[in-house]
Amino acid sequence: MSIAPTPPDIAHIVRQVIQELSLAGKAAAQPSAASGPAHGRSSAGAHGIFGSVDEAVRAATEAFEQLERLGVEGRRKAIDHIRRISIDDAEELGRMEFAETKVGRLDHKIEKLKVLGTKVPGVEFMRSEVFSGDHGLAVIEHAPFGVIGAITPVTHSLPTIACNAINMIAAGNTVVVNPHPSGKRIAAEGVRRFNAAIQRDIGIDNLVCLVAEPTLETAGDLFSHRGVKLICVTGGPAVAKAAMQSSKRAIVAGPGNPPVVVDDTADLDNAARSIIQGASYDNNLLCIGEKQVFVVGSVFDRLMAAMERAGGMRLGARQVDALTKRAIVMVGEGAHRHPAPCKDLVGQDAAVLAKAAGAAAREGLDLVFGETDVDNPFVPTEQMMPFVPFVRCKDVDEAIHRAHESEHGFRHTAIIHSNDVRTMTRMGRLLDTTLFVKNGPSVAGLGLGGEGYLSFSIATPTGEGVTTPLTFTRQRRCTLVDDLCILGSPDRS
Ligand code: NAD
């Protein structure tokens, strides 16, 4: 996929500079994207930032109609700007996201923006299917829905928006985003940059719109707005449930709690390196990241040694207990009472967790880990922090069974380290997850070190899988009866 812009001519550069100067003048007279919504009747120049869902949907509807007129080439140009800005501004935007959300790791915030610029599929993914036969021709086209409403998480605020926007615009849609309140400023800054560049090039503003002050109420407004034709939700259990109950069609990228199984045929050094790479990525904020490991007893001690060789810090039993008390809290009432990660440790560095466990952290530590029994609350909890519990199992069947239980039927992601194809098959069949990674880190399942493409929205309960432009299309069939089929019998007329 080429993302390099073609060299512009001199006249084009002059036009662009004049346009930028005039936009800079206008911007100086307006409130900044991050500081507040644009008001007034015309939405052009708002660069996607709005004070209400209604204004945002109106602007996105107008932008959708304009985009339709520019065809696939217009979509491609718009997407190229989102890709270019994600790559060129990754350092600055990554720093802003890290400073605002205060979760994860700066190096990975920057990397996530860069990789989405090249790995998320765009218009090249679009296709039509053709059936030709004795009765003529049928073409199945993949048409846009119109305006899509998106809810995005704090764990990857701007990357999810950029990735959704590339997929959705490639399919001809526009989008209104209700971002997580704790990532709303970086969301607004990215959206403002995307729209400004797109408008300068193809003359359309507001392909990506954003509610500047998102709340649960504005999320509800988006779910119920008549102008929104489809919903795409990326987040945890509460928002996934709300979307599934919505009266509109929803694509739901819900929570995960990915288990790892390691059996006695595995390459233990590779397993250890892979677990550390996946579970420490962005301090284990990824929904696909390794969250608990079930190990066959005969290789348990050797795997723990391999984890230490690969750079992980092993906590002793008392330290694990201390960390568990500090990191996991009980939430909910009655039958719904369950363990949850303590918010102030979510996405924090391994060194912070080591300290909370009473251990002396060392410089550059990526992951802490320790042996627990299966009842430790870290096992069923999507902890989103770089501590991983390791559970000793008598054999691989027990390990697979425990892995299945800990995944809660989310059918999101599972990982195995094994060289026994039958064991892989047994685990794959039982857990039936959307991503099933063998002998590598979880991120390989999104094309990072493995094959395939990337998305930050993996639709699990609704079944669309790793989202692509085609996820955001509706099928249209165009039929021509008795003509244009050239494969059948020769013309006898
Ligand atoms: P979160 O559920 O707290 O928030 C996600 C979004 O939903 C936010 O915009 C939030 O404001 C909104 N929201 C929350 N409750 C809502 C409700 N009742 N109605 C409407 N909107 C609501 O999640 P988070 O902490 O931002 O992100 C982490 C979670 O998201 C994890 O569970 C992770 O597994 C999941 N996630 C899934 C994927 C995926 O592709 N499947 C990708 C990223 C994150």
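For GLU55, state whether it is modelled with pLDDT of 95 or more, over 22 Å from VAL177 (Cβ atoms) and of a type in the set (Asp, Glu). Talk me through it step by step, then tell me what you get.
Details: modelled with pLDDT of 95 or more: yes; over 22 Å from VAL177 (Cβ atoms): no; of a type in the set (Asp, Glu): yes.
Against the criterion (modelled with pLDDT of 95 or more, over 22 Å from VAL177 (Cβ atoms) and of a type in the set (Asp, Glu)), GLU55 does not qualify.
Which residue out of ASN173, ASN178, ASN206, ASN167 is in contact with a helix residue (DSSP H, G or I) (Cβ under 8 Å, 6 or more places away or on another chain) and at positive phi?
Numbers: ASN173 fails: at positive phi; ASN178 fails: at positive phi; ASN167 fails: at positive phi.
It is ASN206.
Only strands (runs of 3 or more DSSP E) whose full extent lies in region 222-307 are considered here, and the ones with at least 1 residues that are closer than 18 Å to ASP395 by Cβ and more than 9 Å from the ligand (Cβ to nearest atom) are 259-262, 292-296.
Among the strands (runs of 3 or more DSSP E) confined wholly to region 89-204, which include 2 or more residues that are closer than 27 Å to SER247 by Cα? Reasoning before the result, please.
Numbers: elements: 129-133, 136-144, 147-151, 174-178.
Hits in region 89-204: 136-144, 147-151, 174-178.
Residue pairs whose Cβ atoms lie under 6 Å apart, separated by 6 or more positions or on different chains, with the first residue in region 300-313 and more than 16 Å from ASP366 (Cα to Cα) and the second open to solvent by 10 Å² or more (accessible area, probe 1.4 Å) and not in a loop (DSSP other than H, G, I, E, B), are PHE300/ARG392; ARG302/LEU268; LEU303/LEU268. Scanning region 124-153 for residues that are open to solvent by 30 Å² or more (accessible area, probe 1.4 Å) and under 19 Å from the mean Cα position of the chain (by Cα) gives a single hit, PHE125.
The conditions of being among the small types (Gly, Ala, Ser) and touching a helix residue (DSSP H, G or I) at 6+ places or on another chain (Cβ under 9 Å) are not met by ALA317.
Can you work out which of the residues in region 425-464 that are in a helix (DSSP H, G or I) and either of a type in the set (A, V, I, L, M) or within 16 Å of the ligand (Cβ to nearest atom) (or both) is surrounded by the fewest Cβ atoms within 10 Å (Cβ to Cβ)?
Step one: of region 425-464, the residues in a helix (DSSP H, G or I) are 425-431, 442-446.
Applying the additional criterion that residues be either of a type in the set (A, V, I, L, M) or within 16 Å of the ligand (Cβ to nearest atom) (or both) yields 427, 430-431, 442-446.
Values: MET427: 27, LEU430: 15, LEU431: 23, SER442: 30, VAL443: 22, ALA444: 21, GLY445: 27, LEU446: 22.
Of everything passing the filter in region 425-464, LEU430 is surrounded by the fewest Cβ atoms within 10 Å (Cβ to Cβ).
Residue check: is GLY190 crowded, with 24+ Cβ neighbours inside 10 Å and either within 14 Å of the ligand (Cβ to nearest atom) or of a type outside the set (Phe, Trp, Tyr) (or both)? Can you show your working first?
On the way: crowded, with 24+ Cβ neighbours inside 10 Å: yes; either within 14 Å of the ligand (Cβ to nearest atom) or of a type outside the set (Phe, Trp, Tyr) (or both): yes.
Considered against the rule, which asks whether it is crowded, with 24+ Cβ neighbours inside 10 Å and either within 14 Å of the ligand (Cβ to nearest atom) or of a type outside the set (Phe, Trp, Tyr) (or both), GLY190 comes out as yes.
Here's the yes/no breakdown for (1) at pLDDT below 95; (2) open to solvent by 10 Å² or more (accessible area, probe 1.4 Å); (3) more than 16 Å from the ligand (Cβ to nearest atom):
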residue	(1), (2), (3)
ALA170	no, no, yes
VAL175	no, no, no
HIS180	no, yes, no
THR215	no, yes, no
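Scoring VAL295 on the criteria (1) in the same structural domain as LYS112 (by TED's automatic domain parsing); (2) touching a Cys at 6+ places or on another chain (Cβ under 8 Å) leaves a single failure, condition (1). Looking across ARG75, ARG69, ARG105, one residue alone is within 30 Å of LEU285 (Cα to Cα) and of a type outside the set (Phe, Trp, Tyr). It is ARG105. Residues of region 117-137 that are on the phi < 0 side of the Ramachandran plot and touching a strand residue (DSSP E or B) at 6+ places or on another chain (Cβ under 9 Å): MET126, ARG127, SER128, GLU129, VAL130, PHE131, SER132, HIS135, LEU137. Here ASP221, ASP201 are screened, and the one residue that is among the charged types (D, E, K, R), more than 14 Å from ALA60 (Cβ to Cβ) and surrounded by fewer than 22 Cβ atoms within 10 Å (Cβ to Cβ) is ASP201.
The values are calculated or read from the model by the stated rules, or taken from the named source; none is laboratory data. All values reported here derive from a predicted model rather than from experimental measurement. Ideal geometry is used to build each Cβ from the backbone, glycine not excepted, and the neighbour counts take in all protein chains shown. When the accessible area is computed, the model is the full protein with side chains, heavy atoms only, and any ligands, DNA or RNA have been set aside. Shrake-Rupley method; radii C 1.70, N 1.55, O 1.52, S 1.80 Å.
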